[in-house]
Amino acid sequence: MHPVPAAPRGRDAPERVKLVLHRAIVSGTIPGGTRLVRASIAREFAAGPRQVRDALRELAAEGLVRMEEDTGDAVVRELCRSDLEDIYQVRMLLEPLAAARAASLASQEDVMRAVKVLTAMGSETDTKRWAAYNSDFHRVIGESGSSARLAAILENLRELSACYVRHSIVAVPGRADQANAEHEEIMRAVIARDPAAAADAMFRHLDGTLSALNLRCRG
(Lines give C-alpha, C1' and ligand atoms only; values in the text may rest on other atoms or scores of the structure.)
Protein backbone atom coordinates (compact mmCIF):
# COMPACT_ATOMS: atom_id res chain seq x y z
CA MET A 1 0.00 0.00 0.00
CA HIS A 2 1.16 3.55 -0.68
CA PRO A 3 2.54 5.40 2.38
CA VAL A 4 -0.03 7.47 4.24
CA PRO A 5 0.28 10.23 6.85
CA ALA A 6 0.48 9.26 10.50
CA ALA A 7 -2.86 8.70 12.19
CA PRO A 8 -3.96 11.50 14.54
CA ARG A 9 -4.06 10.56 18.19
CA GLY A 10 -7.10 10.73 20.44
CA ARG A 11 -9.50 8.92 18.11
CA ASP A 12 -10.82 5.38 18.18
CA ALA A 13 -9.33 2.92 15.68
CA PRO A 14 -12.07 2.87 13.00
CA GLU A 15 -12.22 6.68 12.96
CA ARG A 16 -8.41 7.00 12.77
CA VAL A 17 -8.14 4.48 9.94
CA LYS A 18 -10.98 6.02 8.00
CA LEU A 19 -9.73 9.60 8.47
CA VAL A 20 -6.17 8.91 7.32
CA LEU A 21 -7.18 6.75 4.34
CA HIS A 22 -9.85 9.29 3.37
CA ARG A 23 -7.31 12.13 3.29
CA ALA A 24 -4.79 10.06 1.33
CA ILE A 25 -7.35 8.99 -1.28
CA VAL A 26 -8.81 12.46 -1.80
CA SER A 27 -5.35 14.05 -2.06
CA GLY A 28 -4.20 11.42 -4.56
CA THR A 29 -1.50 10.06 -2.24
CA ILE A 30 -3.25 6.72 -2.67
CA PRO A 31 -4.24 6.68 -6.37
CA GLY A 32 -7.25 5.07 -7.99
CA GLY A 33 -6.93 1.35 -8.55
CA THR A 34 -4.85 0.78 -5.39
CA ARG A 35 -5.80 -2.35 -3.48
CA LEU A 36 -6.24 -1.75 0.26
CA VAL A 37 -5.43 -5.03 1.99
CA ARG A 38 -7.24 -5.26 5.31
CA ALA A 39 -4.51 -7.26 7.06
CA SER A 40 -1.81 -4.78 6.01
CA ILE A 41 -3.87 -1.82 7.16
CA ALA A 42 -4.54 -3.51 10.51
CA ARG A 43 -0.80 -3.94 11.08
CA GLU A 44 0.03 -0.37 10.05
CA PHE A 45 -2.59 1.17 12.35
CA ALA A 46 -2.40 -1.41 15.15
CA ALA A 47 -6.12 -1.97 14.67
CA GLY A 48 -8.31 -5.07 14.73
CA PRO A 49 -9.73 -6.66 11.54
CA ARG A 50 -13.28 -5.64 12.44
CA GLN A 51 -12.22 -2.04 13.04
CA VAL A 52 -10.48 -1.89 9.66
CA ARG A 53 -13.49 -3.48 7.99
CA ASP A 54 -15.79 -0.85 9.50
CA ALA A 55 -13.51 1.95 8.30
CA LEU A 56 -13.37 0.54 4.76
CA ARG A 57 -17.14 0.15 4.67
CA GLU A 58 -17.54 3.81 5.59
CA LEU A 59 -15.22 4.77 2.73
CA ALA A 60 -17.25 2.53 0.41
CA ALA A 61 -20.47 4.25 1.53
CA GLU A 62 -18.89 7.56 0.51
CA GLY A 63 -18.02 6.13 -2.90
CA LEU A 64 -14.25 6.36 -2.46
CA VAL A 65 -13.56 2.61 -2.54
CA ARG A 66 -15.33 -0.57 -3.61
CA MET A 67 -15.36 -3.58 -1.34
CA GLU A 68 -14.32 -7.06 -2.37
CA GLU A 69 -16.76 -9.23 -0.47
CA ASP A 70 -14.72 -12.43 -0.73
CA THR A 71 -11.64 -10.97 0.99
CA GLY A 72 -12.93 -7.91 2.85
CA ASP A 73 -10.26 -5.85 1.11
CA ALA A 74 -11.06 -2.69 -0.84
CA VAL A 75 -9.95 -1.04 -4.09
CA VAL A 76 -9.75 2.74 -4.51
CA ARG A 77 -12.27 3.74 -7.17
CA GLU A 78 -11.16 5.10 -10.51
CA LEU A 79 -13.75 7.34 -12.10
CA CYS A 80 -14.54 6.77 -15.74
CA ARG A 81 -15.83 9.51 -18.03
CA SER A 82 -19.47 8.59 -17.39
CA ASP A 83 -18.90 8.73 -13.60
CA LEU A 84 -17.36 12.20 -13.88
CA GLU A 85 -20.22 13.44 -16.04
CA ASP A 86 -22.73 12.05 -13.56
CA ILE A 87 -21.00 13.77 -10.63
CA TYR A 88 -20.77 17.10 -12.43
CA GLN A 89 -24.35 16.99 -13.66
CA VAL A 90 -25.48 16.60 -10.05
CA ARG A 91 -23.11 19.35 -8.93
CA MET A 92 -24.47 21.60 -11.68
CA LEU A 93 -27.95 21.10 -10.24
CA LEU A 94 -27.05 21.63 -6.59
CA GLU A 95 -24.04 23.94 -6.43
CA PRO A 96 -25.71 26.91 -8.17
CA LEU A 97 -28.35 26.63 -5.42
CA ALA A 98 -25.58 26.76 -2.81
CA ALA A 99 -24.10 29.84 -4.50
CA ALA A 100 -27.51 31.54 -4.59
CA ARG A 101 -28.00 30.80 -0.90
CA ALA A 102 -24.52 32.17 -0.17
CA ALA A 103 -25.41 35.40 -1.99
CA SER A 104 -28.42 35.76 0.30
CA LEU A 105 -27.02 34.46 3.57
CA ALA A 106 -23.21 34.70 3.66
CA SER A 107 -21.82 36.58 6.64
CA GLN A 108 -19.00 39.10 6.43
CA GLU A 109 -16.75 36.43 7.93
CA ASP A 110 -17.75 33.99 5.16
CA VAL A 111 -16.96 36.58 2.51
CA MET A 112 -13.56 37.32 4.04
CA ARG A 113 -12.72 33.58 4.17
CA ALA A 114 -13.60 33.16 0.50
CA VAL A 115 -11.66 36.25 -0.57
CA LYS A 116 -8.61 35.05 1.36
CA VAL A 117 -8.73 31.71 -0.49
CA LEU A 118 -9.11 33.43 -3.86
CA THR A 119 -6.12 35.66 -3.14
CA ALA A 120 -3.98 32.61 -2.39
CA MET A 121 -5.21 30.81 -5.52
CA GLY A 122 -4.37 33.73 -7.74
CA SER A 123 -0.63 33.42 -7.08
CA GLU A 124 -0.42 29.63 -6.64
CA THR A 125 1.58 27.73 -9.27
CA ASP A 126 1.67 24.30 -7.65
CA THR A 127 -1.17 22.19 -9.09
CA LYS A 128 -1.79 20.17 -5.93
CA ARG A 129 -1.98 23.25 -3.69
CA TRP A 130 -4.15 25.07 -6.25
CA ALA A 131 -6.59 22.14 -6.24
CA ALA A 132 -6.70 22.24 -2.44
CA TYR A 133 -7.54 25.96 -2.55
CA ASN A 134 -10.17 25.22 -5.19
CA SER A 135 -11.86 22.76 -2.83
CA ASP A 136 -11.58 25.28 0.01
CA PHE A 137 -13.31 27.98 -2.04
CA HIS A 138 -16.21 25.75 -3.02
CA ARG A 139 -16.48 24.53 0.58
CA VAL A 140 -16.75 28.08 1.91
CA ILE A 141 -19.45 28.91 -0.63
CA GLY A 142 -21.36 25.75 0.28
CA GLU A 143 -21.12 26.37 4.00
CA SER A 144 -22.13 30.03 3.61
CA GLY A 145 -25.61 29.00 2.48
CA SER A 146 -26.57 27.78 5.96
CA SER A 147 -27.63 24.31 4.82
CA ALA A 148 -25.49 21.65 6.47
CA ARG A 149 -27.18 18.90 4.45
CA LEU A 150 -26.49 20.58 1.09
CA ALA A 151 -22.90 21.38 2.11
CA ALA A 152 -22.27 17.74 3.09
CA ILE A 153 -23.64 16.39 -0.20
CA LEU A 154 -21.50 18.78 -2.23
CA GLU A 155 -18.40 18.00 -0.16
CA ASN A 156 -18.74 14.30 -0.99
CA LEU A 157 -19.17 15.03 -4.70
CA ARG A 158 -16.07 17.25 -4.72
CA GLU A 159 -14.01 14.61 -2.94
CA LEU A 160 -14.96 11.99 -5.51
CA SER A 161 -13.56 14.10 -8.35
CA ALA A 162 -10.77 15.98 -6.53
CA CYS A 163 -7.79 14.25 -8.13
CA TYR A 164 -9.31 14.60 -11.60
CA VAL A 165 -9.62 18.36 -11.13
CA ARG A 166 -5.85 18.47 -10.63
CA HIS A 167 -5.36 16.53 -13.86
CA SER A 168 -7.66 18.90 -15.75
CA ILE A 169 -5.45 21.85 -14.78
CA VAL A 170 -2.47 20.07 -16.34
CA ALA A 171 -4.39 18.87 -19.41
CA VAL A 172 -5.79 22.26 -20.42
CA PRO A 173 -3.26 25.12 -20.60
CA GLY A 174 -4.64 28.26 -18.99
CA ARG A 175 -7.48 26.43 -17.22
CA ALA A 176 -6.28 27.52 -13.77
CA ASP A 177 -6.30 31.19 -14.81
CA GLN A 178 -9.74 30.78 -16.36
CA ALA A 179 -11.05 29.04 -13.23
CA ASN A 180 -9.63 31.81 -11.07
CA ALA A 181 -11.56 34.37 -13.13
CA GLU A 182 -14.72 32.28 -12.85
CA HIS A 183 -14.31 32.05 -9.07
CA GLU A 184 -13.93 35.83 -8.90
CA GLU A 185 -17.16 36.24 -10.86
CA ILE A 186 -18.97 33.99 -8.37
CA MET A 187 -17.51 35.99 -5.51
CA ARG A 188 -18.55 39.33 -7.00
CA ALA A 189 -22.12 38.08 -7.26
CA VAL A 190 -22.07 36.87 -3.65
CA ILE A 191 -20.71 40.21 -2.43
CA ALA A 192 -23.34 42.04 -4.51
CA ARG A 193 -26.05 39.90 -2.85
CA ASP A 194 -27.26 38.76 -6.29
CA PRO A 195 -28.46 35.12 -6.00
CA ALA A 196 -29.36 34.75 -9.68
CA ALA A 197 -25.97 35.98 -10.86
CA ALA A 198 -24.15 33.78 -8.32
CA ALA A 199 -26.08 30.70 -9.44
CA ASP A 200 -25.42 31.45 -13.11
CA ALA A 201 -21.71 32.07 -12.54
CA MET A 202 -21.37 28.83 -10.58
CA PHE A 203 -23.16 26.82 -13.29
CA ARG A 204 -20.90 28.20 -16.03
CA HIS A 205 -17.82 27.54 -13.90
CA LEU A 206 -18.74 23.89 -13.32
CA ASP A 207 -19.59 23.46 -16.99
CA GLY A 208 -16.12 24.76 -17.88
CA THR A 209 -14.48 22.35 -15.45
CA LEU A 210 -16.45 19.44 -16.88
CA SER A 211 -15.33 20.39 -20.39
CA ALA A 212 -11.71 20.39 -19.20
CA LEU A 213 -12.20 17.01 -17.51
CA ASN A 214 -13.69 15.56 -20.68
CA LEU A 215 -10.70 16.82 -22.64
CA ARG A 216 -8.41 15.17 -20.13
CA CYS A 217 -10.36 11.88 -20.39
CA ARG A 218 -10.09 11.91 -24.19
CA GLY A 219 -6.36 12.54 -23.84
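If you check V52 against the conditions, is it free of Cβ contacts under 8 Å to residues at least 40 places away in the same chain, surrounded by 21 or more Cβ atoms within 10 Å (Cβ to Cβ) and not assigned by TED's automatic domain parsing to the domain that holds R166? Yes.
Among the residues in segment 124-131, are any within 20 Å of C163 (Cα to Cα) and in contact with a Cys (Cβ under 9 Å, 6 or more places away or on another chain)?
So in segment 124-131, the residues within 20 Å of C163 (Cα to Cα) come out as 124-131.
Remaining after also requiring in contact with a Cys (Cβ under 9 Å, 6 or more places away or on another chain): 131.
Taking every residue of segment 124-131 in turn, at least one turns out to be within 20 Å of C163 (Cα to Cα) and in contact with a Cys (Cβ under 9 Å, 6 or more places away or on another chain).
Counting only helices (runs of 4 or more DSSP H) that sit completely within segment 4-89, those holding 2 or more residues that are among the basic types (K, R) and closer than 24 Å to A162 by Cα correspond to 13-27. With the requirement that a residue be small (G, A, S) and over 15 Å from A176 (Cβ atoms), what does segment 84-131 give you? Within segment 84-131, A98, A99, A100, A102, A103, S104, A106, S107, A114 meet the criteria. Filtered by the rule that a residue be under 22 Å from E78 (Cβ atoms), among the hydroxyl-bearing types (S, T, Y) and free of Cβ contacts under 8 Å to residues at least 60 places away in the same chain, segment 114-173 gives T127, S135, S168.
Applying the criterion of being touching a strand residue (DSSP E or B) at 6+ places or on another chain (Cβ under 7 Å) and buried (at least 16 other Cβ atoms within 10 Å of the Cβ) to the residues of segment 22-35, the residue that is modelled with the highest pLDDT is T34. Could you tell me whether any residue of segment 177-184 is over 19 Å from the mean Cα position of the chain (by Cα) and farther than 30 Å from R77 by Cα? Yes: segment 177-184 contains one or more residues that are over 19 Å from the mean Cα position of the chain (by Cα) and farther than 30 Å from R77 by Cα.
The values are calculated or read from the model by the stated rules, or taken from the named source; none is laboratory data. Everything quoted here is computed from the prediction, not taken from an experiment. Heads up, the Cβs are rebuilt from the backbone with ideal geometry, glycines too, and the neighbour counts pull from every protein chain shown.
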